[in-house]
Amino acid sequence: VRLEVARGSLLVSGIGELVTNRPGLGAGPLGVLHGVDLVIDGGEVAFIGAAGTAPPADALVEAAGRCVVPGFVDSHTHLVFAGDRAAEFTARMAGEPYEAGGILSTVAATRSASDLGLLEVATKLAREAEAHGTTTLETKSGYGLSVLDESRCLDVAGKVAEEVTYLGAHVVPPEYRGREHDYVSLVKGPMLEACAAKAKWCDVFCEKGAFGPEAAREILQAARARGLGLRVHANQLTHGEGVKLAVEMGAASADHCTHLDRADLEALAGSTTVATLLPGAEFSTRSGYPDARLLLDSQVTVALATDCNPGTSYTTSMAFVIALAVREMHMTPDEALWAATAGGARALRRDDVGALGLGDRGDLVVLDAPTSAHLAYRPGVDLVLTVVRAGHVIASKRL
Ligand SMILES: [Zn+2]
């Protein structure tokens, strides 16, 4: 997706509380300021100063004493798919266990969908994410699982998201059952060949029932040789080797991190690999949450993302994820907001988004609330009033 930068300047006036995520700019680790104006020019933050002192601008958003936070960075979603798994969710809530096989029903629906049908679903979800305050979005393939279908899923992904990830190694498709090695050869060979130019990242679902550490390592090595950055779905359902592999391979992010031991924690703490927590998945599968407190107290960099997908976390709301992180994973409201913005940026190795200092991309959310703590304090209430990306108002309830 090509980023559209606003031509004129935009003044956000009368901000009651501004979270900059630039500690040098204001109070505390989130760099919080009160009673300020902010101007975006050329797509970047160009001015922050006391309310009433901003230079004139071409457009105006009146914050009127409300809270402004950096736009959310959702670093983990699966938006390219067809079909619906509400019946599976309903059955699970009635007590049936989650089985990874549910992915295959989405694979069948995705393969039989048209390119246009896939684009319609992905576009609708990407717009929904924007309306909920997400200004930087990652999304993946992974429901095609053939050279043709992974390739066309990535074409769709590139039309709706800035950050695109090749996930040919999501599960082994049914036609390769009993021939996992052949499928791994396909994923790191002809499929990678067809997909590498359409993606920035390669991801592998390293899990019992998906891909073991040896296969995952082979795929990640091949992707790295093609210039792709690395991410790993790691330690979601069981304790395995995924986190250690992610660190060993220098992956930008190990995602899920639900089942960790001391060695995993130490590996993450001594690395540049971000632990991306996806509590929407535990919520929607009624499973135990990751130990965010232990990760944070071990100095691991933590990100939060939605994992939006039709099977195990069908939400685009980062505010909902923040509320879960605070209530269920014992993160403070400040820690959760940081993880959903600056943390997501780290997980994508981006330094231009996730913060609102001078020169940062002009991505912000005006909340209909006086402080950012309301994101967790008022769960289930949509507080997102206005969303700005690179100086453009991309969603607004009223202006
Ligand atoms: Zn995922």
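Tell me, please, whether a residue that is open to solvent by 10 Å² or more (accessible area, probe 1.4 Å), outside any helix (DSSP H, G or I) and away from the ligand (no atom under 16 Å from the Cβ) can be found in the range 70-78. Walk me through it before giving the result.
Here is the first cut: in the range 70-78, the ones open to solvent by 10 Å² or more (accessible area, probe 1.4 Å) are none.
Checked against the condition, which is being open to solvent by 10 Å² or more (accessible area, probe 1.4 Å), outside any helix (DSSP H, G or I) and away from the ligand (no atom under 16 Å from the Cβ), the range 70-78 yields no hits at all.
In the range 234-244 there is at least one residue matching the filter, namely being more than 15 Å from the chain's Cα centre (by Cα), within 16 Å of the ligand (Cβ to nearest atom), crowded, with 19+ Cβ neighbours inside 10 Å and in a helix (DSSP H, G or I).
GLY359 satisfies every condition listed in (1) open to solvent by 10 Å² or more (accessible area, probe 1.4 Å); (2) small (Gly, Ala, Ser); (3) within 18 Å of the chain's Cα centre (by Cα) except (3).
Identify the residue in the range 120-172 that is assigned to a helix (DSSP H, G or I) and under 21 Å from ARG224 (Cα atoms) and, among all such residues, is farthest from the ligand (Cβ to nearest atom).
The residue in question is VAL147.
Is there a residue in the range 80-97 that is assigned to a helix (DSSP H, G or I), touching a residue at least 12 places away in the same chain (Cβ under 8 Å) and either within 15 Å of the ligand (Cβ to nearest atom) or surrounded by fewer than 17 Cβ atoms within 10 Å (Cβ to Cβ) (or both)?
Going through the range 80-97, the residues assigned to a helix (DSSP H, G or I) turn out to be 86-93.
Now narrow it down to the ones that are touching a residue at least 12 places away in the same chain (Cβ under 8 Å): 88-89, 92-93.
Imposing the further condition that a residue be either within 15 Å of the ligand (Cβ to nearest atom) or surrounded by fewer than 17 Cβ atoms within 10 Å (Cβ to Cβ) (or both) reduces the set to 93.
Looking through the range 80-97, at least one residue is assigned to a helix (DSSP H, G or I), touching a residue at least 12 places away in the same chain (Cβ under 8 Å) and either within 15 Å of the ligand (Cβ to nearest atom) or surrounded by fewer than 17 Cβ atoms within 10 Å (Cβ to Cβ) (or both).
Checked against (1) within 16 Å of the ligand (Cβ to nearest atom); (2) surrounded by fewer than 24 Cβ atoms within 10 Å (Cβ to Cβ); (3) among the polar types (S, T, N, Q), GLN299 meets all criteria but (1).
Look at ALA215 and say whether it is touching a Gly at 6+ places or on another chain (Cβ under 9 Å) and either within 22 Å of TYR143 (Cβ to Cβ) or at pLDDT 95 or above (or both). Judged against the criteria, ALA215 is not a match. So, in the range 326-349, of the ones that are in contact with a helix residue (DSSP H, G or I) (Cβ under 8 Å, 6 or more places away or on another chain) and part of a loop (DSSP other than H, G, I, E, B), which residue ends up surrounded by the most Cβ atoms within 10 Å (Cβ to Cβ)? Filtering the range 326-349 for residues that are in contact with a helix residue (DSSP H, G or I) (Cβ under 8 Å, 6 or more places away or on another chain) and part of a loop (DSSP other than H, G, I, E, B), the one surrounded by the most Cβ atoms within 10 Å (Cβ to Cβ) comes out as MET331. Taking SER253, is it within 18 Å of the chain's Cα centre (by Cα), surrounded by fewer than 24 Cβ atoms within 10 Å (Cβ to Cβ) and touching a residue at least 60 places away in the same chain (Cβ under 8 Å)? No; evaluated as a whole, the condition is false for this residue.
The values are calculated or read from the model by the stated rules, or taken from the named source; none is laboratory data. Model, not experiment: these values are computed from the prediction. Every residue, glycine as well, gets a Cβ built from its backbone with ideal geometry; the counts of neighbours run over all protein chains shown. We work out accessible area using only protein heavy atoms, side chains counted, and drop any ligands, DNA or RNA first. Shrake-Rupley method; radii C 1.70, N 1.55, O 1.52, S 1.80 Å.
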